[in-house]
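Chemist: Have a look at this one before I ask anything.
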Amino acid sequence: MKNMDSSTGWDQLSRYKKVGMMSLFGFIAFFLLIYLGQGGARDTINQAIIYLKDANVEGFKEYLLSFGSLAAVISGLMMVFQSIIAPLPAFVITFANGLLFGWGLGAILSWSSAMVGAILCFYLAKFLGRPVVEKMVTKKALTWWDQFFDKYGKHAVFIARLVPIVSFDLVSYAAGVTSISFWQFFWATGLGQLPATILYSYLGQNATSTVQILFFLFTIVIALAVIGLILRPKLQGWRKAKHRVKG
């Protein structure tokens with residue numbers, strides 16, 4: 001599959017997409033205005049970023065609790081924020097949601113807000129074009145994705161979502177400058193992130209004291225499973241070729 005023409009412009013967007021892009025830019029502008037203009041808001045956001053960077057699940061849970069009835073709203077906004085603007089570990093939010101709201105409701109909140117963030121990144125990339133996306137995710141990362149996408153096509157997003165060590169934001173932005181359709185991206189993202197979301201939410205509710213260890217163990221297991229799935233056809237081909245040589 002070929003990459004989309006990077007010259008995608010405003011005139012080529014549908015009315016629906018234009019409204020979406022205007023809403024997105026409005027949200028970003030509003031956030032920057034609040035962040036830069038309000039010292040209290042800036043300190044509050046910075047505190048959340050510290051909890052996420054330090055993978056402090058308990059601290060982030062208490063942070064959400066400080067907002068009372070708005071805790072779920074703040075959690076959702078932080079998930080979208082980390083998807084679009086800040087490369088922060090989203091699993092901390094998912095663990096905290098499981099701990100605070102229970103694994104069922106926590107998983108729904110984490111999954112839905114992550115989907116919103118992914119969709120916004122996807123359309124933002126389509127509007128801004130490849131040159132800007134290269135600056136956002138680095139040219140090296142985007143080149144890696146090009147090779148990955150060329151190899152696995154429409155299945156690339158699904159495979160990447162299953163591997164926690166692959167940046168969620170990178171996949172969302174990079175997919176936006178490929179020929180993959182929105183619905184292919186939507187379903188691949190939704191289904192691909194579901195297993196990890198459910199597991200992280202469950203671990204957040206039941207195993208907070210060993211969160212980081214369990215996360216890394218799960219990451220390794222899933223990564224090995226996906227690598228095995230990817231390499232299986234090559235190994236089978238190698239074995240068949242070896243048997244032919246022996247025959």
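Only the coordinates and a few stated rules stand behind these numbers; no lab work does. For clarity, every value in this text was computed on a predicted model and none was experimentally measured. A quick note on method: Cβ atoms are made from the backbone with ideal geometry, for glycine too, and the neighbour counts reach across all protein chains shown.
Chemist: Rank the residues I84, I93 as a footprinting-exposure proxy: fewest other Cβ atoms within 10 Å of their Cβ go first.
Modeler: Ranked by crowding around the Cβ, least crowded first: I84, I93.
Chemist: If amide hydrogens are placed 1.01 Å from N in the peptide plane, which non-local residues have theirs closer than 5 Å to the one on T178?
Modeler: M4
Chemist: Tally Lys and Arg at +1 and Asp and Glu at -1 over the other residues with C-beta under 14 Å from the C-beta of S83: what net charge comes out?
Modeler: 0
Chemist: A further question on this structure: Mind giving me the nanometre distance, one decimal, between the label points for K139 and L194, set 7 Å out from Cα along Cα→Cβ?
Modeler: Those two pseudo-labels are separated by 4.0 nm.
Chemist: In what order do T44, T197, T94 fall by count of nearby beta-carbon atoms within 10 Å, going from fewest to most?
Modeler: Placing the least packed residue first, the sequence is T44, T197, T94.
Chemist: At R0 = 35 Å, how high is the FRET efficiency between I165 and L70 if r is their beta carbon distance? Nearest 0.05 is fine.
Modeler: 0.60
Chemist: Would you please give the FRET efficiency between E58 and S181, computed as 1/(1 + (r/R0)^6) with r the Cβ-Cβ distance and R0 = 51 Å, to the nearest 0.05?
Modeler: That gives a FRET efficiency of 0.80.
Chemist: Tell me which residues come under 5 Å, amide H to amide H, from V163 once H is placed; ignore anything under 5 positions away on its chain.
Modeler: Counting only residues 5 or more places away or on other chains, the set is empty.
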